[in-house]
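Notes follow the structure.
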Amino acid sequence: MEKFDRDLVATIQNLKADPDVIKALTLVKEQLPEMIELQKELALIEAPSFHEKQKAERYAELLKEAGLEDVSIDDHFNVTGRISGIGNTGKSVLLEGHLDTVFSFGDVKGVTVDEQGRIHCPGICDDTRALVANLSVLKALKSVGIRPYHDIIIAGTVCEEGLGGMLGMRTVLDSLEKKTEILASISIDGATNDRFYANATGMVDWSVTFTGPGGHAWTAFGIPSALHAACRAATLVADIELPTNPKTITTVSLIEGGQAIHGIAQKCTFKINARSDSQGALEELNRQMIQAFELGTKLENERWGKTDVIKVTYDKLLNIPAGNQDDNCRIIQAAKLVTEAIGIKPTFMPGGSTNANIAIGKGIPAVCFGRGGEEYGQHTVDEWFNPEGVEACEQKSILMLLTLAGLDERIKPLAETLK
């Protein structure tokens, strides 16, 4: 049987028994039909990474209407606002979901609902559901008149997906840290009511380009080939011995090059995705991959008795930090307890690559809760969402926020005790 810190257990029990909190937990369920309609509306506002402006503007309107204070949109189109804490402490807890989706403009054709009540639309889950879940939390707290002790910041962040590289979370945290002490961060992303993430799988994407003079395949034979150098380097990358614990992976995922079937390639580029649950392991893998890029180039030149004919350049396209929190740290305990408090057995997922990575990388205690409910086909145009029972997400967020930020003067905030 797991052991939990007594003050965490007592705080969550007291919150669950508080009449105002009970009202808020009930309200998020009652509000669900309204929230589902807003979810459909927001899903129809296409927002590929780096193109979130329209969705950000609508989300900001909704947050203002619900009573969020100091709502603003920054230069990247991150949306942030504040629920003022009665303590005026200059400290805060962050709740966020991301605005962007993986889809291109034109992929969203409309919203349909099938006979089972499932809502079909690209982006209906990831992460539009999080945006309305956090909006619902805000509306419930405001409707009941609940005030935290520390501030609560609610944000819609940009560029979480793909080569966005979690830019939105980076810029939001950097900006907030100039104004407030962020004591903890809660992200909403991923499927189901029971899962949560609290450790960060780091990720690096590389673009590696080999160049040379090229020439006719017959008459210029003997000139080193950019494509051959790339293949030599890719083989060396594939042969790197990787640790299984912490889990670490790499793959050469894309390759293109050459200019004619009868020509020696002048240019070849490949791209690599590398990940690890350990920042140290990821940095060591990066070192070995760079060594492979350079050695593959050297071997191709030496094969033909040349030096520096083929040259290589390489750039990081994406660099997301890895990070770990102790499996029994207080924020993980709290995540488990609030999940159990609403009658669901928690599932603590290993690793994970979410906006929580950025907070963890900064040393901010962080968790990422699932959006709630049944989902299918995330990151495909066949994505659908079943809204039955999804209010569990909002209920967890309410209990977690008030555990960390406190409930006015009645229940002491515990965010400062997480480290």
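Tabulated results
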| item | result |
| --- | --- |
| Portion, in percent, of the accessible area of the chain that falls on carbon or sulfur, probe 1.4 Å | 50 percent |
| Region 91-167, relative contact order in percent, only Cα pairs under 8 angstrom and at least six apart counted | 49 percent |
| Solution diffusion estimate, µm²/s, Stokes-Einstein, region 319-369, Kirkwood Rh from C-alpha pairs, 10 °C, viscosity 1.306 mPa s | 136 µm²/s |
| Net +/- balance of residues flanking Asp205 in space, Cβ distance below 12 Å, scoring K and R +1, D and E -1 | +2 |
| Per residue accessible area in Å² of region 245-389, where ligands, DNA and RNA are left out and the probe is 1.4 Å | 47 Å² |
| q = 0.08, 0.10 Å⁻¹, the chain: log10 I(q)/I(0) [Debye, one scatterer per Cα] | -0.49, -0.71 |
| FRET efficiency for Glu181 and Ala238, using Cβ-Cβ distance with R0 set to 35 Å, rounded to 0.05 | 0.15 |
| Separation in nanometres of the label points that stand 7 Å from Cα toward Cβ, at Leu163 and Lys311 | 2.3 nm |
| Equivalent ellipsoid semi-axes, region 145-220, via Cα gyration tensor eigenvalues times 5, rooted, Å | 45, 17, 10 |
| Gap separating the Cα centres of region 91-129 and region 207-257, nearest whole Å | 38 Å |
| For peptides 70-77, 162-169, sequence by mean Cβ density within 10 Å, most packed first | 162-169, 70-77 |
| Eligible lysines near Lys362 by straight Cα distance, threshold 23 Å, same-chain separation 8 or greater | Lys91, Lys178, Lys179, Lys247, Lys316, Lys336, Lys419 |
| Residues of type aspartates and glutamates that Lys109 reaches as a straight line, Cα spacing below 15 Å, ignoring anything fewer than 8 places off in the same chain | Glu41, Glu46, Asp382, Glu383 |
| Estimated FRET transfer efficiency when R0 is 22 angstrom, pair Phe50-Gln279 (beta carbons, to 0.05) | 0.25 |
| Using a Förster distance of 45 Å, the FRET efficiency for Arg303-Tyr376 (Cβ separation, nearest 0.05) | 0.35 |
| Extended-chain gain in nm, criterion 0.36 nm per residue less alpha-carbon gap, Lys247 and Val111 | 45.1 nm |
| Distance between modelled label sites at Ser143 and Asp326, nm, 7 Å Cα→Cβ extension | 4.0 nm |
| Accessible area per residue, Å², region 109-236 with all protein chains present, probe 1.4 Å | 34 Å² |
| Structure-based [θ]222 nm, the chain - -39500 (n - 2.57) summed over DSSP H runs of at least 4, per residue, nearest 500 | -11000 deg cm²/dmol |
| Cβ crowding within 10 Å averaged over residues, with 397-408, 236-247 ranked highest first | 397-408, 236-247 |
| Most to least packed among 363-370, 330-337, 302-309 [average Cβ atoms within 10 Å] | 363-370, 330-337, 302-309 |
| Sequence-distant residues sharing a close amide H with Ala191 (under 5 Å, placed H) | Arg371 |
| Total formal charge among the other residues, if their Cβ is under 13 angstrom from that of Trp304, Lys/Arg +1 and Asp/Glu -1 | +1 |
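The values are calculated or read from the model by the stated rules, or taken from the named source; none is laboratory data. The shown structure was predicted, so the numbers you read here are calculated from the model rather than taken from an experiment. Glycine gets a Cβ as well: all are built from the backbone with ideal geometry, and neighbour counts include every protein chain shown. Just the protein is used for accessible areas: all its heavy atoms, side chains included, with ligands, DNA and RNA removed. Shrake-Rupley method; radii C 1.70, N 1.55, O 1.52, S 1.80 Å.
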